[in-house]
Amino acid sequence: MGAYVAKPEVDKDLVTHARWIELDNPEAAQRFLDAAFKSFEFLATFPEAGPKGRFKNERLKDIRFGFCPRHSIAGLSSIGSNTTSSQ
């Protein structure tokens, strides 16, 4: 599997969402986290997978999108390092 580095904000967002989901369905909360991490690993392994976003800002030209069920995942694709963020 590919390696990735998640920003602290990503971890915080994932925990916040998982805790909210867990109130109604603990198993669904775990599936949410599993799907998110599986998506991150996929994007780290295949950083050029998924369509590029169409942004006006030139700094965002390498952002690509992948999908985890009901959630979009944006990842910055660059040779040698990957940063994944939750959207």
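Need the failing condition index for residue 16 against (1) β-branched (Val, Ile, Thr); (2) buried (at least 16 other Cβ atoms within 10 Å of the Cβ); (3) at pLDDT 85 or above, just the number.
(2)
Evaluate the following for residue 18: is it small (Gly, Ala, Ser) and touching a helix residue (DSSP H, G or I) at 6+ places or on another chain (Cβ under 9 Å)?
Working: small (Gly, Ala, Ser): yes; touching a helix residue (DSSP H, G or I) at 6+ places or on another chain (Cβ under 9 Å): yes.
Taking the combined requirement at face value, the residue satisfies it.
Based on what the data block shows, is residue 65 aromatic (Phe, Trp, Tyr) and at pLDDT 80 or above?
Details: aromatic (Phe, Trp, Tyr): yes; at pLDDT 80 or above: no.
So residue 65 does not fit the description; no.
Quick one: in region 33-67, of everything that is in contact with a Leu (Cβ under 8 Å, 6 or more places away or on another chain) and in a helix (DSSP H, G or I), which residue is nearest to residue 4 (Cα to Cα)? First the steps, then the outcome.
Going through region 33-67, the residues in contact with a Leu (Cβ under 8 Å, 6 or more places away or on another chain) turn out to be 33, 36, 49-50, 53, 62-64, 66.
Pick out the ones that are also in a helix (DSSP H, G or I) and you get 33, 36.
Numbers: 33: 16, 36: 13 Å.
Across region 33-67, the extreme among qualifying residues is 36.
Tell me which residues, restricted to region 15-49, are more than 23 Å from residue 62 (Cβ to Cβ) and among the aliphatic types (A, V, I, L, M).
First pass over region 15-49, keeping only residues more than 23 Å from residue 62 (Cβ to Cβ): 15-35.
Passing the criteria: 15, 18, 21, 23, 28, 29, 33, 35.
The values are calculated or read from the model by the stated rules, or taken from the named source; none is laboratory data. Computed from a predicted structure; not experimentally measured. Note that each Cβ is placed from the backbone with ideal geometry, even for glycine, and that neighbours are counted across all protein chains shown.
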